[in-house]
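The values are calculated or read from the model by the stated rules, or taken from the named source; none is laboratory data. What you are looking at is a predicted structure, and each value in this text was computed from that prediction instead of being measured. Every residue, glycine among them, receives a Cβ derived from its backbone with ideal geometry; neighbour counts consider all protein chains shown.
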């Protein structure tokens, strides 16, 4: 079942909880929760919390907390209103919430983060905007 894929087509609106053993691709809108053992790729989203192995946000708008075991990627056109907790975060877009990463946070030049950041290693490109406190290099901080 891990190779299974769940797809929400453009124009689809789903309210409730999606629980999937494999990857999830959302081109529609979800109001609720996504729980996946695989990678979640989102192109559009409403109010939802997400728990997954990996997460890729592409031109997405999310209101809700994100918990991912692997890496979270927030592209330049994506906006997150909520906390992100994962092992690694690569951000080009906007986040209004705390970033908590067990291993690393990478902020690209276009990133805008309004919230606290806690991680072991951090890479910030010139131009990235951070409004919040940084706690870097402390193993306890990122757990």
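Across region 68-92, the number of residues qualifying as assigned to a strand (DSSP E or B) and either in contact (Cβ under 8 Å) with a residue 60 or more places away in the chain or under 21 Å from residue 31 (Cα atoms) (or both) comes to 9. Taking each residue of region 124-138 that is at negative phi and assigned to a loop (DSSP other than H, G, I, E, B) and looking for partners that are surrounded by 15 or more Cβ atoms within 10 Å (Cβ to Cβ) and modelled with pLDDT of 95 or more with beta-carbon atoms closer than 6 Å, six or more apart or interchain, yields 125/108; 128/107; 128/111; 133/116.
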